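What follows is a set of notes on a single structure, which appears directly below.
What follows draws every value from the coordinates through simple rules; no lab data is involved. Everything numeric here is computed off the predicted structure, so don't read it as measured data. Because the Cβ atoms are built from the backbone with ideal geometry, glycine has one as well, and the counts that use them run over all protein chains shown.
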Amino acid sequence: MKMFRVVVNGNEYKVGIEELVEEKASNPSPTKATTAPSPTPAKPAAQPVSAPKNESNPSNGRITAPMPGTILRVAINAGEKAIKGQTLLVLEAMKMENEILAPSDCLIKEVAVSQGVSVNVGDTLVVMSS
């Protein structure tokens, strides 16, 4: 068994890895599964940061930005009807495109953003009615 030092997200782990030697296929035998002991961090692991919660509340008729980013595309206009799951906007955050979907069948009262606009968490994107 060879020991390695692995750093993941700034946390250092000592990991033992055993090389398995395969037998010839003509003599199949059940392989014995080995379990490695769980890694022990060299320093306390940082608590993971949870993703920001989407504060959208369809009952109040607003869809808000779940994360900061830039509006890449507006796919709906005020006065149009949207069906549940339909893409309303595309929000770029950390070089990822995130589709903002209609939470239910609704009528779009107002689109509060336009293409190229930067938004923060909780900013109103769309106002709708059921």
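The figures follow:
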{"read-out": "Those strands (runs of 3 or more DSSP E) lying entirely in the range 75-130 with at least 1 residues in contact with a Lys or Arg (Cβ under 8 Å, 6 or more places away or on another chain), closer than 17 Å to ASN60 by Cβ and among the β-branched types (Val, Ile, Thr)", "value": "106-111, 124-129"}
{"read-out": "Residue match in the range 102-121 (condition: under 18 Å from the mean Cα position of the chain (by Cα), surrounded by fewer than 17 Cβ atoms within 10 Å (Cβ to Cβ) and on the phi > 0 side of the Ramachandran plot)", "value": "no"}
